[in-house]
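> Dropping a structure here in structure tokens format, bear with me for questions.
The values are calculated or read from the model by the stated rules, or taken from the named source; none is laboratory data. In this text the structure is predicted, and so the values were computed from the model without any measurement. Cβ placement follows ideal geometry from the backbone for every residue including glycine, while neighbour counts extend to all protein chains displayed.
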There are 2 protein chains.
Amino acid sequence: MELKAIVPFKRRGAKSRLKRLLTLEEREELALMMLNDVLTALSKSMIDEIEILATSGGFAVEEIEIGAMEVKYDERGLNEALNTAISGQEQPILIIMADIPLVTPDSINEMINRNEDVIVSPGRRGGTNALLLRKPSLFSVSYYGLSCIEHLERAALCNMSCGVHDSFFMSVDIDEIEDLVELLIHGKNTYSARYLNDLGLHLHADKESKRRVEVVR
Amino acid sequence: MELKAIVPFKRRGAKSRLKRLLTLEEREELALMMLNDVLTALSKSMIDEIEILATSGGFAVEEIEIGAMEVKYDERGLNEALNTAISGQEQPILIIMADIPLVTPDSINEMINRNEDVIVSPGRRGGTNALLLRKPSLFSVSYYGLSCIEHLERAALCNMSCGVHDSFFMSVDIDEIEDLVELLIHGKNTYSARYLNDLGLHLHADKESKRRVEVVR
């Protein structure tokens, strides 16, 4: 059966919590670079079809560097836009966030190869960074807050089997400045880490003092 | 070939960064509960032999609730104690931290089933939460700071193949109060989360306000 990925993407005003280090323009560009990283991983995985769900304007498909895909626009909130997108869909769907640039094709394939009806790949603090739905038309998503637990509970309520996918690289969503540390440590071959390097951002570590590793510009 | 795990463990004065929520005695007890969780996962994995490397006193093997294992004492620093422990060892060794209570047997087995000489399972901020060494006698460890990168570089310098193991549950080491959030969200069946619940710690989330999930007591 064909397997489709939906990638919600918000460019306009993206990543406001990075504003101590990056200008608005740079943050919007970083969001686009991260989207390119996620699309690259998807295009190397078993996913057959990719749809970008643009939840803010200011974005054209020509800006994407990766293969062929569909772009839909829906400027409502994330939950409303996604629930409309999956309603009536009979094929399995992977909903995957656009701000997890470290995600690997292997990890996506591992999710796909599991057997449960609903599979959650958690982010830090209870988020859901990827969500595989075998029967999307029978489910509705609820992002924000402890969505990871909520998605598992909804699956149980619908008598669907569910599981948690264990991936560090999927768990790293880039929201805060400390998340950039992970991107610079592990993202050597990503568009987004190269973009940060081009802007002059780098890691600062002092092994002797046992202080935390930081990102500086 | 027999496969051995070494678990460095420091009880005395453990987890000082949790002191806003937990007393010294509670933190030391939490450290012991987390050790029990790691030992449980190891005992359900393909690991044949478990050694606890106690790097502080105040700890007796009778306090461990899981199976048979060896305890060695070495009160020097982590690197010195570990490098002594692995020198001259010809069998493969998994060094695994005692403060990653969410670790699963599946994830340990996945590490073991890989082919590289050196496999690093990263923690946040560049740490190394588990390290599999096929030829421990030819390697030396270097924890603290960006040890994840340093271990990969050392492997390359020694002409050993190396890889990164992608596990969220291994990446969650419990150092800071915000790490307890992960333990309470995902650790339902762990000794350590049950201990925190018994102390009255719980999650506080307010979905409407989009504020972060917090741990309160």
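> From the list B:N109, B:N83, B:N79, B:N129, which one is touching a residue at least 12 places away in the same chain (Cβ under 8 Å) and more than 30 Å from B:E178 (Cβ to Cβ)?
B:N83
> Quick one: is A:D166 surrounded by 19 or more Cβ atoms within 10 Å (Cβ to Cβ), free of Cβ contacts under 8 Å to residues at least 60 places away in the same chain, of a type in the set (D, E) and in a loop (DSSP other than H, G, I, E, B)?
On the way: surrounded by 19 or more Cβ atoms within 10 Å (Cβ to Cβ): yes; free of Cβ contacts under 8 Å to residues at least 60 places away in the same chain: yes; of a type in the set (D, E): yes; in a loop (DSSP other than H, G, I, E, B): yes.
Yes; evaluated as a whole, the condition is true for this residue.
> Further, regarding this structure: Could you grab me the full set of residues in region A:192-204 that are touching an Asp or Glu at 6+ places or on another chain (Cβ under 6 Å) and either within 9 Å of chain B (Cβ to nearest Cβ) or surrounded by fewer than 22 Cβ atoms within 10 Å (Cβ to Cβ) (or both)? It would help to see each step written out before you state the result.
Quick first cut of region A:192-204, residues touching an Asp or Glu at 6+ places or on another chain (Cβ under 6 Å) only: A:192, A:204.
Within region A:192-204, A:H204 is the sole residue that qualifies.
> Taking B:S161, is it polar (S, T, N, Q) and either within 8 Å of chain A (Cβ to nearest Cβ) or surrounded by fewer than 17 Cβ atoms within 10 Å (Cβ to Cβ) (or both)? Steps first, please.
Working: polar (S, T, N, Q): yes; either within 8 Å of chain A (Cβ to nearest Cβ) or surrounded by fewer than 17 Cβ atoms within 10 Å (Cβ to Cβ) (or both): yes.
For B:S161, the condition - polar (S, T, N, Q) and either within 8 Å of chain A (Cβ to nearest Cβ) or surrounded by fewer than 17 Cβ atoms within 10 Å (Cβ to Cβ) (or both) - is met.
> Among (1) in contact (Cβ under 8 Å) with a residue 24 or more places away in the chain; (2) hydroxyl-bearing (S, T, Y); (3) within 21 Å of A:T55 (Cβ to Cβ), there is one condition A:S147 misses while meeting the rest; what is its number?
Every condition holds for A:S147 apart from (1).
> Something else about it: Restricted to region B:5-41, and to residues that are touching a Pro at 6+ places or on another chain (Cβ under 8 Å) and of a type outside the set (G, A, S), which residue is surrounded by the fewest Cβ atoms within 10 Å (Cβ to Cβ)? Spell out how you get there, then give the answer.
Here is the first cut: in region B:5-41, the ones touching a Pro at 6+ places or on another chain (Cβ under 8 Å) are B:33-34, B:37-38, B:41.
With the extra rule that they be of a type outside the set (G, A, S), the set shrinks to B:33-34, B:37-38.
Numbers: B:M33: 17, B:M34: 29, B:D37: 25, B:V38: 28.
Among residues in region B:5-41 that are touching a Pro at 6+ places or on another chain (Cβ under 8 Å) and of a type outside the set (G, A, S), the one surrounded by the fewest Cβ atoms within 10 Å (Cβ to Cβ) is B:M33.
> Taking the conditions exactly as written (closer than 15 Å to A:R124 by Cα and not acidic (D, E)), does B:V164 satisfy them or not? Break it down into steps so the answer makes sense when it comes.
Details: closer than 15 Å to A:R124 by Cα: no; not acidic (D, E): yes.
The answer is no for B:V164.
> Here is a further query. Part of a helix (DSSP H, G or I), within 12 Å of chain B (Cβ to nearest Cβ) and within 18 Å of the chain's Cα centre (by Cα), is that true of A:V181? If you could, list the steps in order and put the result at the bottom.
On the way: part of a helix (DSSP H, G or I): yes; within 12 Å of chain B (Cβ to nearest Cβ): yes; within 18 Å of the chain's Cα centre (by Cα): yes.
When the stated conditions are applied, A:V181 passes them.
> Would you point out which residue out of A:L131, A:L146, A:L152, A:L138 is farther than 20 Å from B:L184 by Cβ and over 13 Å from the mean Cα position of the chain (by Cα)? Working first, answer last.
Values: A:L131 fails: over 13 Å from the mean Cα position of the chain (by Cα); A:L146 fails: farther than 20 Å from B:L184 by Cβ; A:L152 fails: farther than 20 Å from B:L184 by Cβ.
Of A:L131, A:L146, A:L152, A:L138, the one residue that is farther than 20 Å from B:L184 by Cβ and over 13 Å from the mean Cα position of the chain (by Cα) is A:L138.
> Which residues, taken from region A:68-82, are of a type in the set (K, R) and either in contact with an Asp or Glu (Cβ under 9 Å, 6 or more places away or on another chain) or surrounded by 13 or more Cβ atoms within 10 Å (Cβ to Cβ) (or both)?
Restricting attention to region A:68-82, the residues satisfying the condition of being of a type in the set (K, R) are A:72, A:76.
If the condition is that a residue be of a type in the set (K, R) and either in contact with an Asp or Glu (Cβ under 9 Å, 6 or more places away or on another chain) or surrounded by 13 or more Cβ atoms within 10 Å (Cβ to Cβ) (or both), then A:K72 is the only one that fits.
Residue-by-condition table, conditions (1) away from chain A (no Cβ under 11 Å); (2) closer than 26 Å to B:I47 by Cα; (3) in a loop (DSSP other than H, G, I, E, B):
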residue: B:E116; (1), (2), (3): yes, yes, yes
residue: B:L131; (1), (2), (3): yes, yes, no
residue: B:S140; (1), (2), (3): yes, yes, yes
residue: B:Y144; (1), (2), (3): no, yes, yes
residue: B:M170; (1), (2), (3): no, yes, no
residue: B:D206; (1), (2), (3): no, no, yes
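> Looking only at region B:1-32, how many residues end up being in a helix (DSSP H, G or I) and either closer than 19 Å to B:E178 by Cβ or free of Cβ contacts under 8 Å to residues at least 24 places away in the same chain (or both)?
Residues that pass the stated criteria total 9.
> Right, next: Tell me which of these B:D173 doesn't satisfy, since it passes every other one: (1) more than 23 Å from B:D99 (Cβ to Cβ); (2) in contact (Cβ under 8 Å) with a residue 40 or more places away in the chain.
B:D173 satisfies all of (1) more than 23 Å from B:D99 (Cβ to Cβ); (2) in contact (Cβ under 8 Å) with a residue 40 or more places away in the chain except (1).
> Checking B:E153 against (1) surrounded by fewer than 17 Cβ atoms within 10 Å (Cβ to Cβ); (2) facing chain A (nearest Cβ under 10 Å); (3) of a type in the set (D, E); (4) closer than 25 Å to B:N79 by Cβ, which single condition isn't satisfied?
(2)
> Looking at B:I112, is it touching a Gly at 6+ places or on another chain (Cβ under 9 Å) and either of a type in the set (V, I, T) or surrounded by 21 or more Cβ atoms within 10 Å (Cβ to Cβ) (or both)? Give the derivation first.
Values: touching a Gly at 6+ places or on another chain (Cβ under 9 Å): no; either of a type in the set (V, I, T) or surrounded by 21 or more Cβ atoms within 10 Å (Cβ to Cβ) (or both): yes.
Against the criterion (touching a Gly at 6+ places or on another chain (Cβ under 9 Å) and either of a type in the set (V, I, T) or surrounded by 21 or more Cβ atoms within 10 Å (Cβ to Cβ) (or both)), B:I112 does not qualify.
> Being at pLDDT 95 or above and aliphatic (A, V, I, L, M) narrows it down to one residue among A:L42, A:L53; which is it?
Numbers: A:L53 fails: at pLDDT 95 or above.
The unique qualifying residue is A:L42.
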